[in-house]
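Scroll down for the structure; my scribbles are underneath it.
Values quoted throughout were computed directly from the atomic coordinates according to the rules given, and no laboratory measurement underlies them. Quick caveat: nothing in here was measured; it's all calculated off a predicted structure. We place every Cβ from the backbone using ideal geometry, glycine too, and count neighbours over all the protein chains shown.
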Amino acid sequence: MGSIRKYAFRLENLLKGCLLLLLISPLSLSAQQGKTGNWLMYFGMNKVSDKFSIHSELQYRNHTIAPVNIEQLLIRAGVNYHFWDNAFVTGGYAYIAGHQYKSEQSAPESEEHRIWQQFLLTNNISRVKFEHRYRVEQRWVNQDYRNRFRYRLMLFIPLNSSEIKKGTVFAGLYDEIFINGEKTFFDRNRLYGALGYQFNKATGAQVGILHQQENDFGKWYLQFALVLNPDLRKAK
């Protein structure tokens, strides 16, 4: 048990260092990678019964830091079935509207309708929470059908308490790889680091930075996320 705690402590310090490096990297790399973008995001998971919950999501993605040059509007919804407290599956639908940089038209240049399924599993090592997300997507991009597979490993590290609860400041880190079912195997990779605050059991927020790599093109995005998970079950 002592060796596990020692390993978790070392891992936590390493991840804090990686988070700091990730947060300051855009200051030195933005000139090489092009302009930095901005993502404004909302996520919700609302329990409607002991086994079922509703997933809702809205993302307003911008080509630039200022939210005046829209890149994508993403709307995603789904239904979760909870096997246990730390494992559930989801099936849902998403709509994504894509806009070119400084486009003169108000309508999107690309539209995507997406059906998606995922399995999410969490576990803890000492204070560190590990979240594994496996996602499959069936995509219709301007009526062109595509498949895609995704895996994300995310870590949550409470910084001022032993667990994430009301009043906790925490670090969030993840890496996600996207794999195509088409000729090109690699689609993209996302590396993310953030600081978060848990206002209460149902409400939290994160401010962070994400680097997205697509083949030989990489770009940084500032991210602001609001998480609202009120329980909609009727009180007994």
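Express in nm, to one decimal, how much length is gained between Tyr101 and Thr64 on full extension, taking 0.36 nm for each residue of separation and deducting their alpha carbon distance.
On the way: separation 37, 0.36 × 37 = 13.32 nm, distance 0.91 nm.
Full extension of this stretch gives 12.4 nm more.
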Handout entry: 12 Å Cα-Cα reach of Lys183 towards aspartates and glutamates, excluding residues that sit fewer than 8 places from it in its own chain
Key = none
Handout entry: Euclidean distance between Cα centres, region 195-232 to region 76-116, Å
Key = 16
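Given Cα pairs under 8 Å that are at least 6 residues apart, what percent is the relative contact order of region 74-186? It would help to have the intermediate numbers written out before the result.
Details: 246 pairs, mean separation 19.2, N = 113.
That works out to 17 percent.
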Completion exercise
For Asp216 and Leu228, extending 7 Å from Cα along the Cα-Cβ vector and measuring point to point gives, in nm, a value of 4.5
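Please compute the contact order of region 2-228 in relative form: average sequence separation of alpha-carbon pairs under 8 Å and at least six residues apart, divided by the residue count, as a percent. Walk me through the intermediate numbers first.
Numbers: 572 pairs, mean separation 37.3, N = 227.
Worked out over region 2-228, it gives 16 percent.
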